[in-house]
Amino acid sequence: MGLSSTAANTGEGFQLCIFDLRRGQLEGQELDKILFFFPSDCPYTAQLSVVGLCEGIITFTRIFSPEAASEVIEAERHSHIFYEAEPDIWMIMVAEKNKDIESVWRCDALRQVLKEVHSLFIMFHGSLRSLLDKQPTGELARSQLYSFVLDYLTAEFHVGKRIQMPSFHECLRERGTVQMLTMSREVSIEVQSLVTVLGSSVGNKVCNSLILFQDLLVSTTLSPDDTTTIFTYAILRLTPHALSSNASSWSYLRRGKSASNVLAASSTPTYRPEESHYGSRDTSPGREQHRHHIQRPLQRDKWFKGKDGFVDCDVWGEGGTLLSLNPTVWLQKTEERMCLCVYQHKNLTIILLIPLSSLANEEGMALVKKHLQEHASQKIINIEEKLSRGWGGENAYHVSGYRYLLIDGDRNISRASPPGKVTTLAKESLLALNRLREEVDLEKARTKRDNPEHEKDLEVCIRAKNNAWVIARTTRGRELYMVLEKASETLLYASNALEKFSNRYCEGAFSLD
C-alpha cells in the first residue's frame, strides 16, 4: 500500500504535486501534465483542480513578472508554495492553515523541501525533462518520481505512522546546506594528503571525493551544489548514524503532539504502478514485462557495510555485480556520470566519485578498492583517530547563553546550536524567530527582484512575548539568527552579546565597526 491520508478526501493536511506545463494542452488530455501527486488516492478531479488553479496563477503572475513567476500564494485556508524545478516543470506544495500553533511553518522552509527532493532526484536519475524526452508518454518519469518522492517523504518526515512537514521548530536549521568540521592545521594537511591519494584511484582519470566525520563534512573536491546534494544523501543513508539507526537525523524536531500538517500513514510508502499511468491503464502481462526498472536509492535498510569496510547497496542494479552494488550519480556542474564508492572506518566516511567511463567492467571497480586499501587505509585510520581524539561530542559547537544559526549562502555552509540545546528554547522564542525569518525571507526576495546583483545588509532585533531577544543580521551573503532567552531587558545588552559572538566565532563578519 502507498502512503495515504485520512484527510486526503476532505482537502485537509497538505498536497504535493509536480506537473509539466508543456503537456496536456488538448481538451481531454489534461491529466497528462500531472507527473506526481500526493496523496496518491486523491480523486483525479481534485488533482486537476489543484493543478488548474496553480497553472492559472503562474500564467497570470508571468504577465507582470516574466522572469520570476509566483513563489507563494496566501489564501484564507491554504498556502501555495511554488518552485519551478526545471523550465515549465513546477513543484507545488499546498499546506492547510488552522489555529493549531504546532502547524505554523515558514514558506521558504517548505520550498527548500521541494528544492532538496528535486536535487536528489536529478542526482540519481538526471533531469525530468531528459526523462520525458527519452520516453514521451511520461511513464518512465512518473514511475521514477512516484517511488523516489514517496521514499523521500518517508526518509525525512516519517514519525511513527505519520508524515510531518517542517514547522517553526526547525527555524534554527537551514536545509540545503552542509555542516563543516573544524580541524587543526596538522589534521588539515593529512586530510589534503588523503584527498590527493583518492584523486589518483583510477590512473589518469581524476576522482572526486567527500570525506565526512560522523555527520560533519571534512573535505570536498566538488562544487558547492554537488557537495550539498551528496552530503544530504550521505546524512540520510551513508554515515554510521544513518546505517545504525535508519532514522532521520532531525527527528528530534518532530517529537510531541501531532498537528494538521501531520499526515497519517497506513504504512511505509511503496510504488503502485497503476497509480502513475495517467494516460493508460493497460496492466496486461505483455505490458508488465516492459515495466521500467525502478531504482530506490532512498529506501531504508538497503545499505550495508561489509567486512572490508566498503558500504554497498543491494537495490540499485540487477545482476549482483560489483558495479550493480555501487550507485551512479550525475554531477550538476560537469553533467558527468559518476560511480559512487563508499568506504567507512569507524566515524570516518569516504565517498569516492569515479568517472563511469573509467569503469568498463567489474575489474575496474575491484582495482579502485584495492588501490584505496593499499594506499589510503593507513591515512584514513590516522585521521579518524586524531579527529575522534579532538572531537568535543554532540555539543562541540554549543555556545553558552546563545541559540544560533549561522549561514554562508555563497558556499552553502551552515552551523547551528546542537539539536539538544535547541529543544530547551521556549515555544514563544521559536515562534518569534520563525516570524522574523519570514520577514527576512520577504526582504531578501524583494531585494533580489529589484536588483539581483545587490545584497542588502539587514539588522532586526525584536523582543518576544516571553522577553527573549530574537535577532537577525545579514551582510555580504552571510546570515546570523540568534535567540537570547536569559539576556538583560536592554537592547544594548542584546546588541553587545551579538557583537561578542561575531568577533569570537565569525571573525567579526557581523560586527558594526
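The values are calculated or read from the model by the stated rules, or taken from the named source; none is laboratory data. Computed from a predicted structure; not experimentally measured. Here Cβ is always computed from backbone atoms with ideal geometry, including for glycine, and neighbour counts include all displayed protein chains. Only protein heavy atoms, including side chains, enter the accessible area calculation; ligands, DNA and RNA are left aside. Shrake-Rupley method; radii C 1.70, N 1.55, O 1.52, S 1.80 Å.
Could you say whether any residue in region 67-75 is touching a residue at least 60 places away in the same chain (Cβ under 8 Å), among the hydroxyl-bearing types (S, T, Y) and not assigned by the TED database to the domain that holds R446? Lay out the reasoning, then the answer.
Keep residues of region 67-75 that are touching a residue at least 60 places away in the same chain (Cβ under 8 Å), which gives 68, 71.
Okay, now just the ones that are also among the hydroxyl-bearing types (S, T, Y), so none.
Within region 67-75, none of the residues are touching a residue at least 60 places away in the same chain (Cβ under 8 Å), among the hydroxyl-bearing types (S, T, Y) and not assigned by the TED database to the domain that holds R446.
Hey, can you tell me all the residues within region 400-413 that are under 18 Å from L216 (Cα atoms) and crowded, with 16+ Cβ neighbours inside 10 Å? If you could, list the steps in order and put the result at the bottom.
Looking only at region 400-413, we keep the residues that are under 18 Å from L216 (Cα atoms), and these are 404-409, 411-413.
Of everything in region 400-413, those that are under 18 Å from L216 (Cα atoms) and crowded, with 16+ Cβ neighbours inside 10 Å turn out to be Y404, L405, L406, I407, D408, G409, N412, I413.
It is to be established whether one or more residues within region 445-454 are outside any loop (DSSP other than H, G, I, E, B), surrounded by 15 or more Cβ atoms within 10 Å (Cβ to Cβ) and either modelled with pLDDT of 90 or more or among the charged types (D, E, K, R) (or both).
For region 445-454, residues outside any loop (DSSP other than H, G, I, E, B), surrounded by 15 or more Cβ atoms within 10 Å (Cβ to Cβ) and either modelled with pLDDT of 90 or more or among the charged types (D, E, K, R) (or both): absent.
In region 414-431, what residues are touching a residue at least 40 places away in the same chain (Cβ under 8 Å) and open to solvent by less than 40 Å² (accessible area, probe 1.4 Å)? Before the answer, list the steps.
Going residue by residue through region 414-431, those that are touching a residue at least 40 places away in the same chain (Cβ under 8 Å) are 414-417, 419-420, 422-423, 425-431.
Listed by number, the residues that qualify are S414, A416, S417, V422, L425, A426, S429, L430, L431.
Just to be sure, is A472 out of contact with any Cys (no Cβ under 9 Å at 6 or more places or on another chain) and surrounded by 13 or more Cβ atoms within 10 Å (Cβ to Cβ)? Break it down into steps so the answer makes sense when it comes.
Numbers: out of contact with any Cys (no Cβ under 9 Å at 6 or more places or on another chain): no; surrounded by 13 or more Cβ atoms within 10 Å (Cβ to Cβ): yes.
So A472 does not fit the description; no.
Go over the candidates L348, L359, L331 one by one and state the one that is over 30 Å from S388 (Cβ atoms), outside the structural domain of Y44 (by the TED database), modelled with pLDDT of 85 or more and open to solvent by less than 80 Å² (accessible area, probe 1.4 Å).
Values: L348 fails: over 30 Å from S388 (Cβ atoms); L359 fails: modelled with pLDDT of 85 or more.
Of the residues listed, the single one that is over 30 Å from S388 (Cβ atoms), outside the structural domain of Y44 (by the TED database), modelled with pLDDT of 85 or more and open to solvent by less than 80 Å² (accessible area, probe 1.4 Å) is L331.
Is it the case, given these coordinates, that N434 is polar (S, T, N, Q), in a helix (DSSP H, G or I) and assigned by the TED database to the domain that holds I407? Even if it seems obvious, please write down each step before you answer.
Working: polar (S, T, N, Q): yes; in a helix (DSSP H, G or I): yes; assigned by the TED database to the domain that holds I407: yes.
For N434, the condition - polar (S, T, N, Q), in a helix (DSSP H, G or I) and assigned by the TED database to the domain that holds I407 - is met.
Taking Y83 and the conditions (1) in contact with a Lys or Arg (Cβ under 7 Å, 6 or more places away or on another chain); (2) crowded, with 20+ Cβ neighbours inside 10 Å; (3) not in a helix (DSSP H, G or I), which numbered condition does it fall short on, given that it satisfies the others?
(2)
Consider region 151-190. How many of its residues are buried (at least 21 other Cβ atoms within 10 Å of the Cβ), closer than 25 Å to H398 by Cβ and touching a helix residue (DSSP H, G or I) at 6+ places or on another chain (Cβ under 6 Å)?
Adding up the residues that qualify gives 6.
How many residues are among the basic types (K, R) and open to solvent by 70 Å² or more (accessible area, probe 1.4 Å) if we restrict to region 362-378?
Going through region 362-378, the residues among the basic types (K, R) turn out to be 369-370.
Next cut, open to solvent by 70 Å² or more (accessible area, probe 1.4 Å) only: 370.
Residues that pass the stated criteria total 1.
Is it the case that S147 is of a type in the set (S, T, Y), assigned to a helix (DSSP H, G or I) and touching a residue at least 60 places away in the same chain (Cβ under 8 Å)? First the steps, then the outcome.
Values: of a type in the set (S, T, Y): yes; assigned to a helix (DSSP H, G or I): yes; touching a residue at least 60 places away in the same chain (Cβ under 8 Å): yes.
Taking the combined requirement at face value, the residue satisfies it.
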